[in-house]
Structures are given as structure tokens and as C-alpha cells.
Amino acid sequence: MAKPPEPIDEVMPGADGAVLAVVTRVVEQAPQKAYERTLETSLPTTAARQVVELKVTKVLFGGLSAGALVQVVKPEGDYALREGNQGPFLLGKNESAVEILGRYGPDTWTEAAVKQAAAQLGKR
Amino acid sequence: MPMRIADARIRQFVDTQTTSASPKISDANVIDLLAAVGDGSRMSHDKAKTELTKPGITRAQQFELAKAGLSKSEKSDLGQLLDKSGFQMDPGAKNFLEALVGRAPLQETFGPLTITGDQKNGIAGIAKAGEVIEAINLSTAPAGRLHLTDTQVIGTADASGKFLGTLPDIREGDMIRLRTRAADGSTSDWLTIQARGIEGSDTRNAVVNLERMDLAATADGVSVTHNTGRPLSEPGASIRFVNARTGEKVDVTATDKGSIPAGLTLPGKAGDEFKVSVSDGKNNVNHAAVAGTLKVPGGTGGITGIDLPDPKMHKDEMNADGTPKFKLERFTGPLFVNEPTPGDVRQGAIGNCYFPAALASVAHSNPAALKDTIKQNADGTYTVRFYENGNKSRPVDIKIDSDLYVRSFGGPIYGGSLGGPTTKEGMELWYPLIEKAYAQWKGSYDAIGNGGSAGKVMSEVLGRSQGYEWVSAGSEQRLFDRIKRDAANGVPMAAGTHGKDQAARYTNTGVYANHAYSVLGVEEKNGEKFVKLRNPWGQSEYGNDGKNDGFFSLPMNKFTELYSSLYVLN
């Protein structure tokens with residue numbers, strides 16, 4: 001659903017790292033359900049789960065390093081990724097994988113907003 | 001029969017334990033007893049304690065040091081501690097005493113992990129040779145995203161079983177949880193110690209993570225639950241809840257997993273606020289410093305005046321028992337600040353983009369008609385007029401008050417206003433109140449929060465029939481001409497993007513899938529044709545004009561690529 005991005009202050013406490021990165025490939029793509037064209041918007045539909053490989057170009061905070069290739073989960077939700085997409089990725093670690101946080105992935109918040117929110121929590 | 005302790009330092013130890021809530025001879029404080037018997041003419045008490053807590057010292061060395069100073073009367077004192085004190089004893093501590101009085105041999109280790117000495121120079125101890133030592137600081141974990149098992153490796157036991165490791169940011173009094181991991185991956189039981197010897201005193205208080213607690217009104221009061229597997233405070237910390245309305249206090253002790261006791265219920269009701277504080281027993285013991293405030297969902301928040309029924313929240317914001325997760329507060333700001341404009345409108349955390357996109361379009365194309373939509377009544381309530389199926393002869397008047405659901409830190413959770421304050425005293429009210437009335441008319445915020453049509457809303461607001469056009473490549477000139485003509489005639493318009501199955505085409509464009517936008521007109525720049533749009537979020541847009549206010553111009557060819565439908569009124 002086309003809800004606004006979550007307030008970054010609500011998501012940042014759960015973040016383990018943030019990087020500027022580019023999607024180098026889509027490693028896994030769950031089946032995407034096709035939806036009928038409709039005059040309605042903000043429908044409760046979703047873009048399927050993906051696993052993508054990111055190439056880190058800059059570390060905003062956390063344990064990754066520039067140049068690293070890392071596989072992360074793009075959860076089922078409001079956006080999809082393809083090769084070449086880039087931007088600030090906020091990352092959270094759960095029991096089994098590293099997951100991209102934020103309702104719209106790299107389009108959720110600006111780099112400046114991520115850096116500011118991270119600094120307020122002392123994340124480096 | 002009472003104990004008769006001869007040695008002054010042992011007696012002091014006994015007195016301290018006797019006056020504590022849970023007297024215990026632990027692996028940590030048994031060092032005080034060893035120092036008490038190890039001192040003498042050859043070594044002062046302070047010197048003995050320093051030697052006993054040297055990093056890397058083994059239990060056997062500690063035993064020998066104590067035994068060398070052991071007098072007959074001290075041996076008797078230790079025997080009385082074992083037989084008569086009734087104190088709880090850690091197995092390792094008890095074995096020290098038993099070995100010193102000759103009742104048992106000294107055991108080098110207890111279980112797979114024994115910590116020796118203080119932590120001035122690190123965490124030292126004994127494990128099985130080759131085992132890895134894992135640790136987590138339970139005093140700092142609640143402030144981060146850590147689970148209790150998110151340990152880090154601090155060292156490996158050498159061939160003799162000794163290890164010495166460091167844990168970053170460890171401070172005096174911190175609760176440290178450790179275990180060993182063998183080569184086959186098996187782990188030992190947890191061992192929790194309190195860090196000592198690092199600083200002169202414990203100056204870091206425990207933390208309590210308020211986000212990890214949920215409060216809910218029940219028939220018996222207010223239930224408190226811990227909503228995650230991550231710890232919310234330090235084990236053993238004292239957590240105090242004070243009801244701001246009644247002043248009643250409830251103190252609880254954090255469990256060994258850093259949680260609150262199961263089944264915790266506080267005296268209170270829906271709408272109450274609780275101030276929460278925490279103490280580790282050394283800092284903030286009077287609970288003067290408050291960590292934060294938690295609100296019990298529901299209630300009226302001290303609302304005065306006429307209180308009309310409110311639409312229920314979206315299902316995502318409802319508890320399992322049907323109570324709302326957020327509280328209502330009365331907003332008393334102005335209905336309009338100057339003329340209504342699209343820039344006033346901000347979509348809230350609800351899937352109804354079609355609604356703010358439609359209202360912003362009406363504000364742009366026909367502000368006078370929008371002002372006629374909502375009126376303030378003499379009794380302080382508001383009446384909002386809609387038209388059923390866009391039929392001017394079928395008006396529907398919805399009477400509401402100005403109570404809005406608010407986030408815990410203030411500000412409305414659903415639609416709000418931009419360009420001014422978001423406080424309940426100052427926020428411009430026309431948009432959030434029309435949205436509330438629409439939710440009331442349709443049944444709830446859930447009824448309007450799972451998608452809809454911007455064209456239908458514009459029709460229901462203005463009492464006119466709606467039309468639409470599918471957007472496709474090759475229709476640029478026709479759409480440009482139509483938008484230009486309708487904008488000149490004051491016709492509100494909106495546009496919708498493609499569905500989530502085509503979400504990948506949107507990432508990094510500044511335009512979002514399954515979303516509605518206000519269409520504000522067209523323009524030509526250097527011979528190129530653009531459509532002027534606004535994102536109802538009041539932010540996030542195509543291109544970078546340096547404002548990020550949701551307003552943007554999109555080349556017509558991008559418009560036909562990214563948008564699926566254009567809504568207009570006839």
C-alpha cells in the first residue's frame with residue numbers, strides 16, 4: 001500500500017547498519033502475483049520477496065566495509081529491486097538473514113536523513 | 001544456635017549479608033571471605049584482595065593464598081558459615097569454604113566455566129582447554145537490537161584452561177552473561193557476573209527500553225507485556241511504574257532474562273499515563289530520573305465538551321481484544337489558516353493515498369467549494385457534507401468532534417496538516433477532520449484505509465460525476481491538452497500509478513507504485529511538455545528541486561510510462 005515512509009526515528013533503533021550501495025544482481029525472486037489494472041490505488045497488494053546482492057560503496061555505520069558484496073533480503077512489501085538500483089540501504093539482522101529496512105528500501109529516506117538519525121543514536 | 005564469629009572482617013561480611021534482601025555467598029563476594037582469612041602478619045587485607053583478584057589467577061592459587069593466612073578461629077568462623085548461616089551459596093564459593101575447613105578437596109572448576117578475579121584488566125577465568133568464551137553485556141543490550149544470545153567471542157581457553165578476554169564498553173557494575181562453546185558447537189549453561197574493579201564506583205544506571213512494553217486496559221487494570229525476545233532491562237533492575245493520574249507506584253524486579261514478571265498488572269485504566277523509571281540498585285535509587293512515559297491506549301485523554309462517537313482505527317492499529325493501540329486527543333486549532341491549498345495536506349500512516357490526493361486537488365482547483373465542505377458548529381463540533389455517489393441531490397452530513405488518534409510522542413497518526421504546527425492546539429484542521437468524517441461515514445478508518453479511487457472521492461466531495469482516462473504511451477499530447485483545458489476550468493484531477501506487480505519500474509524514480517497523486521496542471525519548458533503533480537505524503541518526488549515538498553513536474557513521456565490512470569470530474 002502506498003503509505004508514507006515510516007518515521008526514521010521509529011526504524012533506526014532496530015538497524016544494525018546502513019550503507020550506500022548498488023544492486024549488482026537479483027539472486028532470488030519469489031513468484032510475483034499479477035494484479036488486474038484498476039482505478040483504485042493504495043490497494044493491499046505486495047511486491048514479492050527478493051534476495052539481492054548489494055555492492056557497498058560507502059558505509060554510513062555498522063560492520064560492513066566499502067567494496068563488500070553482501071546478500072540481503074528484500075521482504076515482501078511495497079517495492080521491488082532490480083540490477084542497478086542504488087541508494088542508502090538501512091539493514092537489520094534477524095535470526096537468519098540481513099534484511100533491508102524501510103517501506104521503500106533505498107527510496108525510503110535520504111542519505112542525510114539516515115546519517116542524522118544514526119548520529120542521534122550514537123551509531124557509527 | 002547463633003553464630004559466634006571471631007574475625008572482624010568475616011563478621012562484617014556476615015552483617016552485610018544478613019541485612020540484604022537475599023543473603024548469599026557468591027562466586028563474586030567469596031573473595032571478601034578469602035581475603036579476610038588470607039590476611040595476617042605477612043599480608044594486609046587490601047594486599048590479599050589485590051592478589052586474589054589478579055587477572056588470570058586460578059582457583060588453586062586463590063585457595064593457597066587464603067589457606068596460608070588461615071587461623072584456627074577463622075577456620076571455626078568458616079565452619080559456622082557453612083553450618084549455621086543459612087546463606088545461599090554458589091557451588092564454587094561453597095567449595096572454597098569446605099576446602100579451607102578440610103571437609104572437601106578443592107575443585108579447580110565448577111561446570112565448564114569459572115570466572116576468577118575482578119574485571120579491571122579484562123574478564124579472566126577457567127574453562128576447558130580450547131573452548132571459546134562468549135559474552136554479552138546485559139546492561140547495555142536493552143538499548144540496542146540485541147537478543148540475549150547475541151554474544152561476542154571474548155577469548156579462548158589456553159592449554160591450561162585459562163583465558164583472559166575483553167568486552168568493549170564494559171563498566172563497573174555491568175551485568176555480564178557468559179558461556180563456553182566447544183569445538184563441536186555445544187555450549188555451557190549461562191553464567192552471569194557483575195563487573196567489578198573497573199572503576200571506583202558503579203555510575204552507569206540500568207536502562208529500560210520502553211518500546212518493548214505494551215500496555216493494555218483490562219477488566220483487572222492495566223496489563224503490561226514484553227513484546228519481543230530482546231531484553232527490556234538489566235536482570236535484577238528495579239523498574240517503577242507511577243500512574244500519573246493517581247500517583248500509585250508499582251515496583252517490579254527485572255527477571256534473569258531482563259524481562260518483566262509474567263502477568264504484571266498495574267492499577268489504572270484506559271487513557272492513563274505511566275511514568276517509568278529504573279534503578280540498578282546503585283544509581284537512581286530514588287527513581288527521580290524518569291526514563292519515559294507510556295500511555296494506555298483508549299480513553300478520552302481528558303476531553304471536555306461534546307464528545308461524539310469516533311470512527312474505529314484501522315485494523316493494523318487495533319489490539320486483539322478490539323481496543324485501539326493509540327489514544328484520542330482533542331485538537332483545538334484553526335479550521336483554516338488562510339485559503340486551503342494542496343500543500344496543507346499530509347497523508348498519515350494509512351493506505352488511503354487516494355483520499356488526500358483528491359482533497360489536495362479540490363483545494364487547488366476550487367478552494368471555495370472545499371471551504372463549503374466543512375463548517376464549525378456553535379457547540380464546537382463540525383459538520384462535513386459529502387454527496388452520495390456524487391449526486392448533488394443526495395447530500396450526507398456527518399457531524400464529528402475534533403478528537404484525533406495521536407502517536408505516543410504527539411501528532412496525529414492519520415491525516416495531518418503541513419506548513420504549520422502539528423500540536424493539538426495549533427494544527428490546521430480542515431484536512432484531518434474531513435478525513436475523519438469520511439471514515440465515520442464509511443464505517444471506520446479501516447474501511448477507508450485499504451485502497452480506493454481518487455475520482456470517487458472528488459465526486460463525493462463536490463457532488464459531480466466522475467470520469468477517467470487510462471494512461472498509455474502515445475497519449476502524451478492528448479493527455480497534455482486535456483489536463484491543460486480542465487485545469488483552466490477549475491476541474492480537480494488526480495492520477496494513479498501501476499500496481500505492485502510492476503513495482504520494480506519505480507525504484508529510484510521518485511514516483512511510487514500503487515499510489516495516487518494530485519494533478520495540478522501542465523507546463524512547457526524549453527519546448528518540453530510537463531505535467532505538474534503532488535505526492536500526498538508532502539515529500540518524496542521525481543527529480544531534485546531542493547525542496548522535497550511533494551510538488552514536482554514530470555515530462556509527459558515519463559508520465560505515460562509511470563502512471564496508469566487519470567481521474568477527472570465531469
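Every read-out reported here was derived from the displayed coordinates using simple, explicitly stated rules and does not represent laboratory data. On a predicted model such as this, the values are computed, not experimentally measured, just so you know. Reconstructed Cβ throughout: ideal geometry from the backbone, glycine too, with neighbour counts over all protein chains shown.
Could you tell me the center-to-center distance, by alpha carbons, between segment A:1-76 and segment B:333-394 in angstrom? First find each Cα centre; the distance between them is then 35 Å.
Overall shape: oblate for segment B:213-295, with the ratio a/c of the largest to smallest alpha carbon gyration tensor axis at 1.5 or above and b/c at least equal to a/b. Counting only residues at least eight positions apart within a chain, or on another chain, the lysines with an alpha carbon under 29 Å from that of B:K282 are A:K123, B:K24, B:K47, B:K49, B:K54, B:K94, B:K120, B:K249, B:K257, B:K295. Which FRET efficiency, nearest 0.05, do B:S76 and B:K54 yield, Cβ-Cβ r, R0 22 Å? With R0 = 22 Å, the Cβ-Cβ based efficiency is 0.20. Across peptide B:510-517, the mean count of Cβ atoms from other chains lying within 10 Å of each residue's own Cβ comes to 6. Taking the C-alpha atoms only, the angle from helix B:430-442 to the longest principal axis of chain B is near 90 degrees.
Tell me which of B:N570, A:V59, B:L294 sits at the most positive position along the dipole axis of the protein assembly as shown, charges placed on C-beta atoms (Lys, Arg +1; Asp, Glu -1). Farthest towards the positive end: A:V59. Where does helix B:8-18 land angle-wise versus the long Cα axis of chain B, in degrees 0 to 90, nearest 10? Helix B:8-18 and the main axis of chain B meet at about 40 degrees. Taking the Cα centre of chain B as reference, the dipole from Cβ charges on Lys and Arg (+1) and Asp and Glu (-1) amounts to some 80 debye. Placing unit charges on each Cβ (+1 for Lys and Arg, -1 for Asp and Glu) gives segment B:116-216 a dipole about its Cα centre, and among B:A195, B:L138, B:F163 the Cα reaching farthest toward its positive end belongs to B:F163.
What are the lysines whose alpha-carbon lies under 20 Å from the alpha-carbon of B:K500, with same-chain residues fewer than 8 places away excluded? By straight Cα distance, B:K500 reaches A:K3, A:K33, A:K74, B:K558. Helix A:111-120 axis versus longest C-alpha principal axis of chain A: approximately 50°, rounded to the nearest ten. Projected onto planes of every orientation and averaged, the convex hull of the alpha-carbon atoms in segment B:437-504 covers 6.3 nm². Placing +1 on each Lys and Arg Cβ and -1 on each Asp and Glu Cβ, with no other charges, gives segment B:114-194 a dipole about its Cα centre of roughly 0 debye.
In whole angstrom, how far apart do the alpha carbon centroids of segment B:257-299 and segment B:180-232 sit? First find each Cα centre; the distance between them is then 15 Å.
Helix-only arithmetic for chain B: the sum of -39500 (n - 2.57) across DSSP H runs with n ≥ 4, divided by the residue total, places the mean residue ellipticity at 222 nm at -6500 deg cm²/dmol.
Put simply, when B:199-207, B:533-541, B:152-160 are sorted by average Cβ atoms within 10 angstrom per residue, most first, you get B:533-541, B:199-207, B:152-160. Note on B:R4 and A:A68: the model spin-label points, each 7 Å out from Cα along the C-beta direction, lie 6.8 nm apart. The alpha carbon gyration tensor of segment B:114-194 gives principal lengths a ≥ b ≥ c with a/c of 1.5 or higher and a/b no greater than b/c, which makes the shape oblate.
Averaged over the residues of B:375-383, the number of partner chain Cβ atoms lying within 10 Å of the residue Cβ comes to 0. In a reduced charge model with +1 at each Lys and Arg Cβ and -1 at each Asp and Glu Cβ, the protein assembly as shown shows a dipole moment near 240 debye about its Cα centre.
Stokes-Einstein diffusion of chain A at 4 °C, 1.567 mPa s viscosity, Kirkwood radius from Cα pairs, rounded to a whole number: 87 µm²/s. Estimated from the Cβ-Cβ distance and a Förster radius of 25 angstrom, the FRET efficiency linking B:K547 and A:R49 is about 0.15.
Shape class of the protein assembly as shown from the alpha-carbon gyration tensor: prolate, with a/c at 1.5 or above and a/b greater than b/c.
The B:E528 and A:R37 beta-carbon pair, evaluated with R₀ = 25 Å, returns a calculated FRET efficiency of approximately 0.35. Take every Cα pair under 8 Å whose residues are at least 6 apart in sequence, average their separation, divide by the length of segment B:112-209, and the relative contact order is 33 percent. Normalising the average separation of contacting C-alpha pairs (under 8 angstrom, six or more residues apart) by the number of residues puts the relative contact order of chain B at 8 percent. For the pair B:A68 and B:A159, label points projected 7 Å from Cα toward Cβ lie 2.7 nm apart.
Under the simplified labelling scheme, the B:A143-B:K24 pair shows an inter-label distance of 2.5 nm, with each label point 7 Å from Cα along Cα→Cβ.
Most simply put, the protein assembly as shown has about 95% antiparallel DSSP beta bridges, counting only bridges with both residues inside it. Backbone phi angles across segment B:28-36, fed through the Karplus curve with coefficients 6.51, -1.76 and 1.60 (θ = phi - 60°), yield HN-Hα couplings of 7, 7, 5, 4, 4, 5, 4, 5, 5 Hz in residue order; Gly and Pro are listed as x. Of the residues B:Y354, B:T381, B:G455, the one whose Cα sits farthest toward the positive end of the charge dipole of segment B:336-466, with +1 on the Cβ of Lys and Arg and -1 on the Cβ of Asp and Glu, is B:G455.
Among A:L43, A:L81, A:L69, which one shows the highest mean-square fluctuation when chain A is modelled as a Gaussian network with alpha-carbon springs under 10 Å? Comparing A:L43, A:L81, A:L69 in a Gaussian network model of chain A, the most mobile one is A:L43.
Near B:R245, the amide H atoms lying under 5 Å from its own belong to B:E273; only residues 5 or more places off or on other chains count, and H is placed 1.01 Å from N.
Straight-line reach from B:K371: which lysines have Cα under 18 Å away, leaving out those fewer than 8 places along the same chain? Straight-distance partners of B:K371: B:K392, B:K399, B:K436.
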